[in-house]
Amino acid sequence: MNILLVEDELRVADFIRRGLGAEGWSVDHAADGEDALEHAASNVYDVILLDLMLPGIQGQDVCRKLRARKSSTPILMLTALDSPEEKVEGLRMGADDYLPKPFDFDELIARVEALHRRATGYTADASETVITSGAVTFNRASLQVMVDGTEVELSKKERDLLLLLLTSKGRVLSRERILNTVWGLNEDPLTNVVDVYVGRLRRKIGAEGKRIVTLRNVGYRMN
Ligand code: CA
């Protein structure tokens, strides 16, 4: 996924860029509205993250100008201003979603993914009760996992990890993302806990385990 991040505070921009980069997404940074409009005119982005309070052209105007150019790229507004009026104004200017600062990084990622899904018409398995993929069946109601029709005993973390892999099939999951979603950790505890659990899960699901691919220094992907 290609993302344009429009943020004038370099510290904040750097933090967001690193986090999104860890998801395997590529991020261009624009430090003001002028720069943002230039980037958007010469590149194709899947999602634009737009800070409202910018030097020069304000975020709202950037949004309005993009829409006036018939750009349909999903725009997620990021702002410290959290009044209902600001939100309504942002949405009226053509933003698709709105996230007040400070935000939870997991929420930012979830919203970016949701915008991207909406724009591409891609629907994830996320709401299905029974997820079937290859010989693996995951029942979210009974929490039973079957491989080739035989039930497999998994610990809670192994199950959470499998569910994350299944619902993100074909996409790269960084170690940071897995730690965040399965363990609720926002920073790497500098252990190889993720690798250990992926190894266990692979063994437990037998031949299906080969579908969990290791991307060196990046993370994992379920094919
Ligand atoms: Ca700002």
- prompt: If you take the residues in the stretch 30-82 that are within 16 Å of the ligand (Cβ to nearest atom) and among the charged types (D, E, K, R), which one is nearest to V12 (Cα to Cα)?
  reply: D51
- prompt: Can you find a residue in the stretch 162-171 that is more than 17 Å from the chain's Cα centre (by Cα) and either over 18 Å from L143 (Cα atoms) or open to solvent by less than 60 Å² (accessible area, probe 1.4 Å) (or both)?
  reply: yes
- prompt: From the set of residues in the stretch 207-223 that are outside any helix (DSSP H, G or I) and surrounded by 16 or more Cβ atoms within 10 Å (Cβ to Cβ), which is modelled with the lowest pLDDT?
  reply: G219
query: All but one of (1) in contact (Cβ under 8 Å) with a residue 60 or more places away in the chain; (2) at positive phi hold for E176; which doesn't?
result: (2)
Cβ pairs under 8 Å, 6+ apart, first in the stretch 5-19 and under 15 Å from L76 (Cβ atoms), second at pLDDT below 90 and away from the ligand (no atom under 11 Å from the Cβ): G19/F105; G19/E176
task: Considering only the stretch 43-66, state which residues are surrounded by fewer than 17 Cβ atoms within 10 Å (Cβ to Cβ) and under 23 Å from E107 (Cβ atoms).
output: M53
field: Number of positions in the stretch 179-206 that are open to solvent by less than 80 Å² (accessible area, probe 1.4 Å) and in contact (Cβ under 8 Å) with a residue 40 or more places away in the chain
entry: 6
Residues (assigned to a helix (DSSP H, G or I) and open to solvent by less than 50 Å² (accessible area, probe 1.4 Å)) located in the stretch 149-158: E158
field: Residue that is nearest to L185 (Cα to Cα), among those in the stretch 1-22 that are within 16 Å of the ligand (Cβ to nearest atom) and open to solvent by less than 20 Å² (accessible area, probe 1.4 Å)
entry: I16
message: Six or more apart or on different chains, Cβ atoms under 9 Å: show the pairs whose first residue is in the stretch 79-102 and open to solvent by 70 Å² or more (accessible area, probe 1.4 Å) and whose second is away from the ligand (no atom under 16 Å from the Cβ).
response: L91/D97
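The values are calculated or read from the model by the stated rules, or taken from the named source; none is laboratory data. Since we're looking at a predicted model, the values are computed, not measured. Positions of Cβ are generated from backbone atoms using ideal geometry, with glycine treated the same way; all protein chains shown enter the neighbour counts. In case anyone asks, the SASA skips ligands and DNA or RNA and just uses the protein heavy atoms, side chains included. Shrake-Rupley method; radii C 1.70, N 1.55, O 1.52, S 1.80 Å.
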